[in-house]
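> Sharing a structure with you now.
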């Protein structure tokens, strides 16, 4: 047979053992028929809920994939470019060779420092790494000059005395999201970092001095990214004291109806080179809150209660501000009927900067 063959088998959702046995027999017949084929392009088996009684069947499939189909298997595969690993064990006995891998996502598993080190050393072309709901590692060292993006979402360790230390001198973009244990970043270890997104909350459920530890960790984390050009923060991260920074772009995500004026002031005062400030208070939680108002007037008043004090505060304290753009995004297809009145109210507010221009837009 000259045309490359794809062998793909899918087990039914039912989970009925009789159906499973019948499908196993069908798969085995197909594999026996194609055992002499030398051009198998793809071989996949889906939806079989693994049980010990099927171990011999799985052994047979692995034999077919590696010996008959000549598929590069396991930790040695030079054709992979993107790989997602969820809910599995990552424990290579020998070296790893994913030489062409560009994007790797690891989620929902416990790792070890050794396993992580082997994986990273076997991915010389890796550009993006995502760790989602993983635990167990205390040192994440990424020396590859090609690594650009690192995302950590909900890292957790049962031992709160152990920190996850990040050493990645060549990454440009870092995201730390969700509920996390202690994470340590030192500026010299992320010296090439340009854009950092911190939308996290520390979790110390077993600690008596919960709040004190959280703010201590947050302070250290903010110091670690003080050199970046662009910083994006959630409302909780704004509660930490901002160190002096060279950033010129700051994005503040206000996730609730409590505007933290001291927090905003702290970050503005520490950002002497700031050129662009983006404040996004209209996240999903706020949208859900406003959608509960069936009366449109109440909805408008609720929105103004959150936005107007913030606008007043910025106009009063930003003494060198040159341009202030207020972009309103409305829930429906039409703007609020009194948006013209809203615009005039914003334009009448007192301002400290003599050269400022205020632009109010809606979409």
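The values are calculated or read from the model by the stated rules, or taken from the named source; none is laboratory data. Here the structure is a predicted model, which is why all the values come from computation and not from measurement. No Cβ is skipped: glycine too gets one built from the backbone with ideal geometry, and neighbour counts run over all protein chains shown.
> State which residue pairs qualify: first residue over 15 Å from residue 163 (Cβ atoms) and inside segment 211-226, second residue exposed (fewer than 15 other Cβ atoms within 10 Å of the Cβ) and at pLDDT 90 or above in any location, beta carbons under 9 Å apart, and separation of 6 or more residues or different chains.
225/187; 226/187
> Going residue by residue through segment 116-137, is there one that turns out to be outside any loop (DSSP other than H, G, I, E, B) and in contact with a helix residue (DSSP H, G or I) (Cβ under 6 Å, 6 or more places away or on another chain)?
The first filter runs over segment 116-137 and keeps only residues outside any loop (DSSP other than H, G, I, E, B), leaving 116-121, 128-135.
From what is left, the residues that are in contact with a helix residue (DSSP H, G or I) (Cβ under 6 Å, 6 or more places away or on another chain) are none.
No, there is no match, as no residue in segment 116-137 is outside any loop (DSSP other than H, G, I, E, B) and in contact with a helix residue (DSSP H, G or I) (Cβ under 6 Å, 6 or more places away or on another chain).
> Exactly one condition in (1) assigned to a helix (DSSP H, G or I); (2) over 18 Å from residue 17 (Cβ atoms) is false for residue 44; which is it?
(1)
> Among (1) at pLDDT 95 or above; (2) within 28 Å of residue 280 (Cβ to Cβ), there is one condition residue 200 misses while meeting the rest; what is its number?
Unmet condition: (1).
> Please state which of the following conditions residue 101 fails to meet, knowing it meets all the rest: (1) touching a helix residue (DSSP H, G or I) at 6+ places or on another chain (Cβ under 9 Å); (2) surrounded by 12 or more Cβ atoms within 10 Å (Cβ to Cβ); (3) more than 17 Å from residue 135 (Cα to Cα).
Against the list (1) touching a helix residue (DSSP H, G or I) at 6+ places or on another chain (Cβ under 9 Å); (2) surrounded by 12 or more Cβ atoms within 10 Å (Cβ to Cβ); (3) more than 17 Å from residue 135 (Cα to Cα), residue 101 comes up short only on (1).
> Of the residues in segment 14-36, how many are at pLDDT below 85 and under 18 Å from residue 60 (Cα atoms)?
Keep residues of segment 14-36 that are at pLDDT below 85, which gives 14-17.
Going one step further and asking which of them are under 18 Å from residue 60 (Cα atoms), we end up with none.
Summing the residues that are at pLDDT below 85 and under 18 Å from residue 60 (Cα atoms) in segment 14-36 gives 0.
> Tally time: how many residues in segment 47-68 are exposed (fewer than 12 other Cβ atoms within 10 Å of the Cβ) and not in a helix (DSSP H, G or I)?
Qualifying residue count for the region: 3.
> Given the options 50, 54, name the one that is modelled with pLDDT of 85 or more and within 22 Å of residue 87 (Cα to Cα).
Values: 50 fails: modelled with pLDDT of 85 or more.
Selected residue: 54, the only one of 50, 54 that is modelled with pLDDT of 85 or more and within 22 Å of residue 87 (Cα to Cα).
> Let me ask you something else. Out of segment 2-28, which residues are surrounded by 14 or more Cβ atoms within 10 Å (Cβ to Cβ) and part of a strand (DSSP E or B)?
Taking segment 2-28 and keeping what is surrounded by 14 or more Cβ atoms within 10 Å (Cβ to Cβ), we get 5, 7, 9, 11, 20, 23-24, 27-28.
5, 7, 9 - these are the residues of segment 2-28 that are surrounded by 14 or more Cβ atoms within 10 Å (Cβ to Cβ) and part of a strand (DSSP E or B).
> Take residues that are touching a helix residue (DSSP H, G or I) at 6+ places or on another chain (Cβ under 8 Å) and surrounded by 19 or more Cβ atoms within 10 Å (Cβ to Cβ) and tell me which of the strands (runs of 3 or more DSSP E) falling wholly in segment 145-245 contain 1 or more.
Working: elements: 149-153, 164-167, 173-180, 183-185, 195-202, 230-234.
Ranges flagged: 164-167, 173-180, 183-185, 195-202, 230-234.
> Separate question: How do the strands (runs of 3 or more DSSP E) wholly within segment 255-363 filter down when requiring 2 or more residues that are closer than 25 Å to residue 240 by Cβ and either at pLDDT 70 or above or touching a strand residue (DSSP E or B) at 6+ places or on another chain (Cβ under 8 Å) (or both): which remain?
Numbers: elements: 276-280, 323-328, 357-362.
It comes to 276-280.
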